[in-house]
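To keep things clear, I will list the structure first and then write my remarks on it.
The values are calculated or read from the model by the stated rules, or taken from the named source; none is laboratory data. Since the model is a prediction, treat every value here as computed from it, not as a measurement. Counting neighbours? That spans all protein chains shown, and the Cβs are built from the backbone with ideal geometry, glycine included. We work out accessible area using only protein heavy atoms, side chains counted, and drop any ligands, DNA or RNA first. Shrake-Rupley method; radii C 1.70, N 1.55, O 1.52, S 1.80 Å.
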Amino acid sequence: MQLVVARIGRAHGIKGEVTVEVRTDEPELRLAPGAVLATEPAAAGPLTIETGRVHSGRLLLRFEGVRDRTAAEALRNTLLIAEIDPAELPEDPEEFYDHQLMDLDVVLADGTAIGRITEITHLPSQDLFIVERPDGGEVMIPFVEEIVTEIDLEEQRAVITPPPGLIDASEAVVASAREEGTGTKDGDA
């Protein structure tokens, strides 16, 4: 099975290094020197990692055969894809690979069905489950501990306790900076 582990960013320096946006919780395993990665687009690869280092908080990689800035810049926005065993699980029992979460049923704590996970979006601040509702609509569920309280791979379900308005917009609570009766009227200073 294939797993996207990084996206190549801009070239760094003149010797063929590139910045990478890491998309794995195990970069030391997936992005280590000697790793051979497939690419999307496929014509850019496969790429073998020659060296890796952290500079100013960013991971920099150099690939075999990429020796200058021009060659490195040509790889920009290329996805790096690792081949993994589908039975392999992350070391931490609270972590999951995307393929484990896809197609899980999403239910409330009382068992009410919400939908099915059809996509996982990775954002800088958090991950989002894109859940297809039975009526064909979609809802985005932040994959955070306060909302997604349980992932049960054996039962193939994710249990959520959403805040008001996350699933049904009509239940949203609008917070106001002013309490009723203390606001000013137009023209009052």
Test: residue in the stretch 107-121 that is closer than 24 Å to GLU26 by Cβ, open to solvent by 20 Å² or more (accessible area, probe 1.4 Å) and in a loop (DSSP other than H, G, I, E, B): no
Residues that are part of a loop (DSSP other than H, G, I, E, B) and polar (S, T, N, Q), drawn from the stretch 122-154: SER125, GLN126
GLU138 vs. criteria of a type in the set (D, E, K, R) and at pLDDT 90 or above: yes
Any pair with Cβ under 7 angstrom, 6 or more apart, that starts in the stretch 35-48 at a residue that is assigned to a helix (DSSP H, G or I) and ends at one that is of a type outside the set (Gly, Ala, Ser) and surrounded by 15 or more Cβ atoms within 10 Å (Cβ to Cβ): ALA44/LEU75; ALA44/THR78
Subset of the stretch 49-68 (residues that are among the β-branched types (Val, Ile, Thr), open to solvent by less than 40 Å² (accessible area, probe 1.4 Å) and within 15 Å of LEU31 (Cα to Cα)): ILE49
Output for the stretch 86-106, where each listed residue is at pLDDT 75 or above and in a loop (DSSP other than H, G, I, E, B): GLU94, GLU95, PHE96, TYR97, MET102, ASP103, LEU104
Number of the exception - GLU132 against (1) modelled with pLDDT of 90 or more; (2) charged (D, E, K, R); (3) under 14 Å from VAL148 (Cα atoms): (3)
Condition broken by ALA72, with the remaining ones in (1) under 30 Å from ILE151 (Cβ atoms); (2) of a type in the set (Gly, Ala, Ser); (3) not in a loop (DSSP other than H, G, I, E, B) satisfied: (1)
Enumeration of residues in the stretch 69-101 that are under 14 Å from the mean Cα position of the chain (by Cα) and surrounded by 14 or more Cβ atoms within 10 Å (Cβ to Cβ): LEU79, PHE96, TYR97, ASP98, GLN100, LEU101
Residue among VAL18, VAL66 that alone is outside any loop (DSSP other than H, G, I, E, B) and in contact (Cβ under 8 Å) with a residue 40 or more places away in the chain: VAL18
Index of the failed condition, PRO164 passing every other in (1) within 28 Å of THR24 (Cβ to Cβ); (2) modelled with pLDDT under 90; (3) not small (Gly, Ala, Ser): (1)
